[in-house]
Amino acid sequence: MKTLDGTVALVTGASSGIGEATALALAANGAKVAIAARRADRLADLAAKIHTAGGVAFAIEADITGAGRAHDVVEKTVAEFGRLDTLINNAGVMLLGPIRDADVGEWQRMIDLNLSALLHCSRAALPHLLAAAKTGPRNVADLVNISSTAGRVTRVGTGVYAATKFAVGAFSESLRQEVTKEHVRVSLVEPGRTVTELAEHNRPEILAQIRTGFAMDDPLQAEDIADAVLYVVTRPRHVAINEILVRPTEQVY
C-alpha cells in the first residue's frame, strides 16, 4: 500500500525540471497524475516514464495563462480521473533584469504565468479539493505553490519576478486560513538555486550575468524539491506543512 494510493494529482509546468521530478515522485507513491504543460513531446516522454514504472499519467497540452484555460486543465483532470486531491502549482517563468528601461512584455509574462495562472488554477481546483477532503481516501487535500527564495529576498535585477513570488506567498497564507479547517492544506515550497531550465528564457546578456552571479559548486537538483513536495503531501491528516524553504548549503542569500 502506497501513501497516495487512490488519489489524483495535477502538476502544472510538468514538462521539465521541478514539475517533471514532482510528477514522477507523486506517481511513484501511488497517485494518478495529470501532467500539464505546453510541450506535448516532453509530456509524452514523461507519461511514458510514469507508465513504464507502473504508474498512471494523463498528459494535458495546455497554456494555462487565462482563467478559462486554467479551468479547462482542472476539469480535464477531473473528467479523466473522477476527482482531484492534490494541485501542484509549479508553472513559472523567471525573466530578470533592471527595472529601468525594462521590457514590460517580460513583466507581463511573469505576472500572467507566475501569479494569474496560479490564482486561476487554485480557484478552479478548490471545489474538487474540498470535496476530496470530505470523501477520502485520505480525507485531506493539498494545494502546493512553488515559489522561490525570491519570494523572501529581493535583489537588484529580480524586481518583478520577486514581486510575483512575494504575491504568491501572500495569497497562499490567506487561502490557507480560509480552507484549513476543511482539511485542505495550502503549502508554499521555496527553492533556492536549482538546476532547471528556468533561467534559459532570459536574454543572452542577462543569462550570462545569472551564470556568473548565481554560480555555485553544488546547487539543488529538481529531485531535491520534488522530495520536499512529496514530504508535504504525504503527512498524516492532522499535520500541515505550511512552508518549506530549501536552499543549497552554499547559498547565502
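Where a number appears in this text, it was derived from the coordinates with a stated rule and is not lab data. Remember, it's a predicted structure, so these values are computed and weren't measured experimentally. Heads up, the Cβs are rebuilt from the backbone with ideal geometry, glycines too, and the neighbour counts pull from every protein chain shown.
Summary of the geometry: region 1-37 and region 136-158, compared by the centres of their Cα atoms, lie 16 Å apart. Ranked by the mean number of other Cβ atoms within 10 Å per residue, highest first, peptides 8-17, 98-107, 27-36 order as 8-17, 27-36, 98-107.
The convex hull defined by the C-alpha atoms of the chain has an orientation-averaged projected area of 12.9 nm². Between K165, K181, K134, the residue with the greatest mean-square fluctuation in the GNM of the chain (Cα pairs under 10 Å linked by springs) is K181. Partner lysines whose Cα lies under 16 Å from the Cα of K49, excluding those fewer than 8 positions away in the same chain, are identified as K32. The distance from the alpha carbon centre of region 71-111 to that of region 49-64 is 18 Å, rounded to a whole number.
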